[in-house]
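This report concerns only the one structure given below.
The values are calculated or read from the model by the stated rules, or taken from the named source; none is laboratory data. Not measured: the values here are computed from a predicted model. With ideal geometry, Cβ positions are generated from the backbone for all residues, glycine too; neighbour counts draw on all protein chains shown. Ligands, DNA and RNA are stripped out before the accessible areas are found, and what is left, the full protein with its side chains, is counted by its heavy atoms. Shrake-Rupley method; radii C 1.70, N 1.55, O 1.52, S 1.80 Å.
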Amino acid sequence: DQQVKQNSPSLSVQEGRISILNCDYTNSMFDYFLWYKKYPAEGPTFLISISSIKDKNEDGRFTVFLNKSAKHLSLHIVPSQPGDSAVYFCAASGVFNKFYFGSGTKLNVKP
Amino acid sequence: GAGVSQSPRYKVAKRGQDVALRCDPISGHVSLFWYQQALGQGPEFLTYFQNEAQLDKSGLPSDRFFAERPEGSVSTLKIQRTQQEDSAVYLCASSPEGARTGTQYFGPGTRLLVL
């Protein structure tokens, strides 16, 4: 029973354009959400997070949007750069220190 | 500074063999997590330590899996009588805080292949 879903396994974007990665969750108790980026043969690295009391959080080229009513979050990368090519995971947690991850979206930014 | 390290990076085990996977978290980090990542999937929570206390082990798939962190720093994940379905990447992450909003820093993982 997957509580966090990333329905797009891959995404290809031209350099300089916007990348939009999507994530859906089913558990209404989740109140903290994160995005991680992963390069091959490395562990995931933290990118950006958002608490459920907000609907937007921005950090440089990265913005995360949260739509609680739709149980949906998205990560926007503007402008996309070739170095952004990686697998992106969204994750969510509720009251306890247990994190649920999506299956990932592989982003390819073409030069 | 040094990040989270894991050893071995790769492990091939015969079915039925016991394995031990080590995680060296960032020094001083309070929280430590273990995850299992199957091919093409996201990390799946196994267990969580706050210092030496194992506060959540609900993700351990069976009683063949055992984790410890006796002195609140290095942690070991042990898998007894390995099965082919145990083949996965095992990720360790540490966080400076006990709160779940603390950033988790992941190690590179141990890739386990059970033949």
Practice item. Considering only residues that are open to solvent by less than 20 Å² (accessible area, probe 1.4 Å) and at pLDDT 95 or above, look in segment A:1-32 and name the one that is farthest from the other protein chains (Cβ to nearest Cβ). Key: A:Val13
Revision key, fill the gap. Scanning segment B:70-94 for residues that are within 14 Å of chain A (Cβ to nearest Cβ) and not polar (S, T, N, Q) gives B:Ala88, B:Val89, B:Tyr90, B:Leu91, B:Cys92, B:Ala93
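Which residue is farthest from B:Gly3 (Cα to Cα), if the candidates are limited to segment B:76-107 and must be under 11 Å from the mean Cα position of the chain (by Cα) and open to solvent by 20 Å² or more (accessible area, probe 1.4 Å)? Spell out how you get there, then give the answer.
First, pick out the residues of segment B:76-107 that are under 11 Å from the mean Cα position of the chain (by Cα): B:76-79, B:89-94, B:106-107.
Then keep just the ones that are open to solvent by 20 Å² or more (accessible area, probe 1.4 Å); that gives B:76, B:78, B:89, B:106.
On the way: B:Thr76: 17, B:Lys78: 22, B:Val89: 18, B:Phe106: 8 Å.
Once the filter is applied, the top-ranked residue is B:Lys78.
Could we say that A:Ala86 is among the aliphatic types (A, V, I, L, M), within 14 Å of chain B (Cβ to nearest Cβ) and open to solvent by 40 Å² or more (accessible area, probe 1.4 Å) here?
Values: among the aliphatic types (A, V, I, L, M): yes; within 14 Å of chain B (Cβ to nearest Cβ): yes; open to solvent by 40 Å² or more (accessible area, probe 1.4 Å): no.
So A:Ala86 does not fit the description; no.
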**Study point:** Hits in segment A:33-50 (condition: in contact (Cβ under 8 Å) with a residue 12 or more places away in the chain, assigned to a loop (DSSP other than H, G, I, E, B) and surrounded by 14 or more Cβ atoms within 10 Å (Cβ to Cβ))
**Key:** A:Pro44
Practice item. Report whether or not A:Val95 is open to solvent by 10 Å² or more (accessible area, probe 1.4 Å), more than 8 Å from chain B (Cβ to nearest Cβ) and either charged (D, E, K, R) or in contact with a Lys or Arg (Cβ under 7 Å, 6 or more places away or on another chain) (or both). Key: no
